[in-house]
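These notes concern the structure reproduced below.
The values are calculated or read from the model by the stated rules, or taken from the named source; none is laboratory data. Computed from a prediction, not measured in an experiment: that's the story for all the values here. No Cβ is skipped: glycine too gets one built from the backbone with ideal geometry, and neighbour counts run over all protein chains shown.
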Amino acid sequence: MSDKLRHAAAELKMLGALIMKVGRESFEQRMQREGYEISALQFGLIRMLAMDGEHSLKELSQKFMVDPSTLVPAIDALERKAVVFRHRDAQDRRRVVIGLTEHGHSLAQRFHAVGDDDAIYQAILQMGEADVERLLGLMRALIQALPDGDQMMDSLCARLRSAQSPPPANQEDT
């Protein structure tokens, strides 16, 4: 039985990676069609900042469950495109916070993480609501069984809320 479960674990990893790849490519193609060179990760950062306001690199890396060094190139690119800005925290000058420019707020309001032409969305339409709910339930159970699963689910839920709800109207950048 152990070999069968090892094979299942390997297959789950491969299936998850494939779903992520297709989803990312579908999103990035849609953004390119709209005339924006923004990656899925960059868009996730934009949405998170639109929903939650300014964050430090450390806070963003914790929310995205990635090493800070993974986010630096994405943030640098967004800063070059005048989508985000960085400044020192007035209360702690050692801390650098990242926020959205007016242009960044505009992008967050204009685009949704999943469009009607999204490949994953089209695939789950074919599956039907009951199968999708079963699949989601099993995937949530798998995540919660992982080390730090509850923490990962909390982070995931926060990201899902930012992806589903419209960002607040642009507030004055400080």
> Within region 69-90, which residues are more than 21 Å from TYR36 (Cβ to Cβ) and in contact with a His (Cβ under 7 Å, 6 or more places away or on another chain)?
Replying inline: none
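One line per residue, one yes/no per condition, for (1) surrounded by fewer than 18 Cβ atoms within 10 Å (Cβ to Cβ); (2) over 27 Å from MET152 (Cβ atoms):
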| site | (1), (2) |
| --- | --- |
| ALA17 | yes, no |
| SER26 | no, no |
| TYR36 | yes, yes |
| GLN42 | no, no |
| ARG47 | no, no |
| ALA50 | no, no |
| SER61 | yes, no |
| GLU79 | yes, yes |
| GLN91 | yes, yes |
> For region 63-77, how many residues are among the small types (Gly, Ala, Ser), surrounded by 16 or more Cβ atoms within 10 Å (Cβ to Cβ) and either under 15 Å from the mean Cα position of the chain (by Cα) or more than 19 Å from GLN29 (Cα to Cα) (or both)?
Replying inline: 1
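Of the residues SER61, SER69, SER39, SER56, which single one is over 22 Å from LEU160 (Cα atoms) and among the small types (Gly, Ala, Ser)?
Values: SER61 fails: over 22 Å from LEU160 (Cα atoms); SER39 fails: over 22 Å from LEU160 (Cα atoms); SER56 fails: over 22 Å from LEU160 (Cα atoms).
Answer to the selection: SER69.
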> Within region 138-149, can one find any residue that is loosely packed, with under 12 Cβ neighbours inside 10 Å, modelled with pLDDT under 85, of a type in the set (A, V, I, L, M, F, W, C) and outside any helix (DSSP H, G or I)?
Replying inline: no
>> On the basis of being modelled with pLDDT under 90, among the hydrophobic types (A, V, I, L, M, F, W, C) and under 19 Å from MET20 (Cβ atoms), does VAL114 make the cut?
In response: yes
